[in-house]
Amino acid sequence: MRPGRQTRMITDAPDTTLTIAFLGLPARDRQLFESFLGILEGRVNLHPRICKPGEPVDVLVVDADVLATGTPQRLPPARTLVCYGDGPSPGGVECVTLARPVRFWDLQTLLASLSGTQEQGSKPVAKPDTRPGRLYDLLSDRDRSAALTIDFREFTLMTDPGRNRYYFPTRLVDLEPICRAPASELQIRPATAAGLGNAARTLQSGPLVRLWWEAAISGSQGKLPAPVTIETPVSLRRWPDLGVLRFRDHYPLLCAQIARRPVSPAAISQRTNVAISDVAAFLSACMFCGYLNIEDARAAHARDGAGRKPADKGLFSRIRRRLGLGSTAAN
Amino acid sequence: MSEIKLIFTGPPGAGKTTAIGAISEIPPVSTDVDATDELLSSKDHTTAAMDFGEVTLDDGTKLRLYGTPGQRRFAHMWQILVQGGLGLIILLDNSRPAPLDDLEIYLDNFADFIERTGVVIAVTRADHPDGPPIEDFQDYLEQRGLVYPVLTADIRRETDVLMLLNVLLSNLEFA
């Protein structure tokens, strides 16, 4: 976190309670937040609760319209500022963006990220992770340079790192079912050379990176990849081959953000208006595929702002509109 | 009326004419001649000067699409064509004998322009059995310390051409 900025992260909090206050949110959205916070109590390593009058505020959630029209410097002091909804980036204020309407996973990711930051400066809180594991979790614990057989219900999928391919039955064209399946439905075992040979002859195949990517996108559940926290600067080591992945509009946007300089997940979300859970999933996939660098915060700060001259955003919007590419999230 | 330029470059046969034709609102203008020498086996015609296409934006601005001649003996024209350009798309044909050498040629010749603007590298015929895998292109860029988008693409598909433009625009806008 840069010195002199209005926001600071909760690295020195004395306990695990997280006080949350709202500013300018419509009643319905506030109800949604309160409802989600009730569910989240105990699911992250913090105890989120609505702030009482006069109490210090850990997280201030401000409606984007208030930030756009008001004077950010006059906001009540808070350790973390959350901009709720799409809108122009508030000048001079560092904040995390949450998409409107708030989604459960987004809020959980945000609080979990804050929790991760806090644990660096205080003793960790032992709480069991009750989320079910998926293919991503199982693969994270294994040597992926070895050929594997993955059984899922009546299907068998095989990985062949030697050829950079995976083999799958015709009926399993879409990888999503296997990547979203609970770990209890999956079995992973080493593949034999004979099995791979047979699979290469009889099954369809695809680039292995597509499987790794999809497993991470579907399996990270909006959680940042360890050891990345919401404030850790990250950069691209290499661009993912977007031609072989299941393309999503925000991928080029996120890649571009971190192609030339390191940027923290919070700042990526703020600059692009892409929900923090989607940023986390993207970074998990980049990490899983070996495309991500984790940078030193001080070096990253020195390099920040070393990009090209400011772009003509109006021109790019017109080109996108004319070619039917749709607008970027930040436009 | 203002105009802006996007440049398509790459070796002969990589698909520059096809890519421009996929998005141009006018029939692409190509200055083709009969192919000679090493190209005879792969193409009947090749672009000796340039390809040209056009897209009109809603404010009347013309987005000009220029394809450079592929052969290196026309390299003197490359620097002329990129003047005032918005960004560069390099198309590489993975069925050629040494596509990584091709990449080096275009990165070196357009280095200044790329640094000022942005680039997308598209590998066509990516599954060609004799061609290097996409990871080799990524490795090559990483060894040179370059973090440029390199994608496999089928230039015959309009969606793939639009994806390249999407990536280039994001790169220009946010990198």
What is the number of the single condition among (1) of a type outside the set (A, V, I, L, M, F, W, C); (2) touching a helix residue (DSSP H, G or I) at 6+ places or on another chain (Cβ under 6 Å); (3) modelled with pLDDT under 90 that B:Ser42 does not meet?
(2)
Please find, within the stretch A:157-175, the residue that is surrounded by the most Cβ atoms within 10 Å (Cβ to Cβ) out of those that are more than 24 Å from B:Ile134 (Cβ to Cβ) and touching a residue at least 24 places away in the same chain (Cβ under 8 Å).
A:Pro169
Elements of type helices (runs of 4 or more DSSP H) contained in the stretch A:218-291, each with 1 or more residues being at the interface with another protein chain (Cβ under 9 Å from one of its Cβ atoms)
A:250-259, A:265-272
Scanning the stretch B:106-122 for residues that are away from every other protein chain (no Cβ under 13 Å) and either within 11 Å of the chain's Cα centre (by Cα) or surrounded by 18 or more Cβ atoms within 10 Å (Cβ to Cβ) (or both), the one farthest from A:Asp241 (Cα to Cα) turns out to be B:Phe110
Keeping to the stretch B:123-175, report how many residues are outside any loop (DSSP other than H, G, I, E, B) and of a type outside the set (Gly, Ala, Ser).
31
Take the conditions among the β-branched types (Val, Ile, Thr), assigned to a helix (DSSP H, G or I) and buried (at least 22 other Cβ atoms within 10 Å of the Cβ) and apply them to A:Ile178. Does it pass?
yes
When you scan the stretch A:181-195, how many residues do you find that are over 15 Å from A:Met158 (Cβ atoms) and either in a strand (DSSP E or B) or polar (S, T, N, Q) (or both)?
1
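The values are calculated or read from the model by the stated rules, or taken from the named source; none is laboratory data. Just so it is clear, the structure is predicted and the values come from calculations on it, not from any experiment. A quick note on method: Cβ atoms are made from the backbone with ideal geometry, for glycine too, and the neighbour counts reach across all protein chains shown.
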